[in-house]
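The values are calculated or read from the model by the stated rules, or taken from the named source; none is laboratory data. Just so you know, these numbers come straight off a predicted model, no measurement behind them. Note that each Cβ is placed from the backbone with ideal geometry, even for glycine, and that neighbours are counted across all protein chains shown. Protein only, heavy atoms only, side chains kept; ligands, DNA and RNA dropped before computing areas. Shrake-Rupley method; radii C 1.70, N 1.55, O 1.52, S 1.80 Å.
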Amino acid sequence: GAHGVAIGPTGTWTYSGSQVNLSGSYVLNVTVTALASDWVELTSQVRWKHGYARSGSVILTTELTDWKTTRATGDWSTLSAQGSATPGGTPLFNDIAVRGDYAFVSGSTTSGGVGLYVYDISNLASPLRVANSFDLGTSGYGLAVHGDVLYVITGDANAEIRAYNIASPATLAAGNLLTSYNLSGSSLATSLAMKYPALVVGATQSASFDEFYAFDISTGSLITYRDSLAHGATVNAVSIVGTGAFLATADGAAELKQANITMLSDLRYVTTSDYNVTSTEA
């Protein structure tokens, strides 16, 4: 839940109500979201309003795990399948995202798939498909999870980015749709990456529209456009490291490209970091 924080009598942090009012009309609260039994996400927000036009907020996010727990890592020199599941039809899986004991898997609908599948993976030896009646209604591509929200890149020409409430993954239904975003062009989105509050999206090469987009997802269930860049080649995959977004593209001379996303509203390519993979596409 949401908490205020303060220094306790022993000099350690402690909860203090649902928020803390600081000097200068600043309000602080920390939201704790359980991702699994030994894994939580902490989101600290400070917001302020100084007069009619001077308001704002700053958000910091981190995750805590029970890192001292001793766990077997397995023998990476001899990999073996621990469990498997075979859905009906031919889904042609595209991506996977895990939240706690559940795995979300996207796939194509061209061969009878339903676009998005949910598996209970609490028993890794026997993954169990749940929310069996859910149908994305279109092909699913990139996936990302933040708290109780699943972001999906879809083949829907009018809603290429969708956000679903996954507080109860086993009962996922069409009514869990929180919001969607219609990307420029028709069904061009290919991939996404998320580092809260940034959501970045790659797209298919287009002569009329950009191929790389940045969105802000810090306000409730909204997906707010911030900026975009043209590239001239399809962005097949995206990964975020620090303030950089690394793009795997179909550019024959720069299969790996980096963008600076320090300011989502002012994206810049770091042209000096382009990398040419010999005779192949990333």
Residues within the stretch 210-227 that are open to solvent by 20 Å² or more (accessible area, probe 1.4 Å) and free of Cβ contacts under 8 Å to residues at least 60 places away in the same chain, tallied:
9
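From the list GLY17, GLY1, GLY56, GLY11, which residue is closer than 30 Å to ILE121 by Cβ and without any contact (Cβ under 8 Å) to a residue 60 or more places away in the chain?
The conditions single out GLY1.
Is the stretch 18-31 home to any residue that is under 20 Å from GLY100 (Cβ atoms) and open to solvent by less than 80 Å² (accessible area, probe 1.4 Å)?
Yes, the conditions are met somewhere in the stretch 18-31.
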Run down PHE104, PHE134 and say which single residue is within 20 Å of ASN236 (Cα to Cα), of a type in the set (Phe, Trp, Tyr) and open to solvent by less than 20 Å² (accessible area, probe 1.4 Å).
PHE104
ALA248 vs (1) out of contact with any Asp or Glu (no Cβ under 7 Å at 6 or more places or on another chain); (2) open to solvent by less than 60 Å² (accessible area, probe 1.4 Å); (3) of a type in the set (Gly, Ala, Ser): all pass except (1)
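Residues that are open to solvent by 10 Å² or more (accessible area, probe 1.4 Å), β-branched (Val, Ile, Thr) and under 23 Å from ALA248 (Cβ atoms): which strands (runs of 3 or more DSSP E) entirely in the stretch 137-206 hold 1 or more of them?
Strands (runs of 3 or more DSSP E) meeting the threshold: 140-146, 189-195.
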Restricting to the stretch 102-113, name every residue that is assigned to a loop (DSSP other than H, G, I, E, B) and touching a strand residue (DSSP E or B) at 6+ places or on another chain (Cβ under 6 Å).
SER111, GLY113
Could you check the stretch 78-99 and list, in sequence order, the residues that are of a type in the set (Ser, Thr, Tyr) and in a loop (DSSP other than H, G, I, E, B)?
THR78, SER80, SER84, THR86
When the stretch 141-159 is examined, which residues are found to be over 10 Å from the mean Cα position of the chain (by Cα) and of a type in the set (Gly, Ala, Ser)?
GLY155, ALA157, ALA159
All-but-one check, SER218 against (1) in contact with a Pro (Cβ under 8 Å, 6 or more places away or on another chain); (2) of a type in the set (Gly, Ala, Ser); (3) at pLDDT 95 or above, failing number (3)
